[in-house]
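Asker: This is the structure I want to talk about, given as structure tokens.
The values are calculated or read from the model by the stated rules, or taken from the named source; none is laboratory data. Given the structure is predicted, the values throughout are model-derived calculations rather than measurements. Ideal geometry is used to build each Cβ from the backbone, glycine not excepted, and the neighbour counts take in all protein chains shown. Surface accessibility is based on the protein's heavy atoms, side chains included, excluding ligands, DNA and RNA. Shrake-Rupley method; radii C 1.70, N 1.55, O 1.52, S 1.80 Å.
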Amino acid sequence: MKVLLTGAGGFLGKRIALSLIDKGATGLRLHYRQKPPDATLTALAARAPNLVVEGAAAVALPQQGFDQA
């Protein structure tokens with residue numbers, strides 16, 4: 001199973017990623033607000049030998065933020 005997980009850097013996102021690996025996910029694409037932490041990606045990939053882990057950074061907020069939008 002391949003999964004796209006948004007919010008992977010948050011409290012729940014980290015735990016959901018681990019749970020998905022334990023449930024047999026073969027591919028994880030993780031979305032972070034900032035640059036994905038290399039150590040986290042490496043640790044997740046080491047948890048399962050055939051797991052493909054990718055990290056992506058993107059900001060979904062408008063540049064001026066919600067206050068001025």
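Asker: If I go through region 9-31 residue by residue, how many of them are in a loop (DSSP other than H, G, I, E, B) and more than 16 Å from A48 (Cβ to Cβ)?
Answerer: Residues in region 9-31 being in a loop (DSSP other than H, G, I, E, B) and more than 16 Å from A48 (Cβ to Cβ): 2 in total.
Asker: OK, next. Contact list please: Cβ distance under 9 Å, first residue in region 42-61 and in a helix (DSSP H, G or I), second residue open to solvent by 40 Å² or more (accessible area, probe 1.4 Å), pairs at least six apart or on different chains.
Answerer: L44/L18; A45/V52; R47/L18; R47/D22
Asker: Can you name the residue in region 21-49 that is within 18 Å of M1 (Cβ to Cβ) and modelled with pLDDT under 90 and is also surrounded by the fewest Cβ atoms within 10 Å (Cβ to Cβ) among such residues?
Answerer: P49
Asker: Separate question: Cβ contacts < 8 Å: first residue over 11 Å from R47 (Cα atoms), restricted to region 3-27; second residue aromatic (F, W, Y) and surrounded by 11 or more Cβ atoms within 10 Å (Cβ to Cβ), any location; separation 6+ or different chain. Result?
Answerer: Pairs that qualify, where the first residue is over 11 Å from R47 (Cα atoms) and the partner is aromatic (F, W, Y) and surrounded by 11 or more Cβ atoms within 10 Å (Cβ to Cβ), are A8/Y32; G9/Y32.
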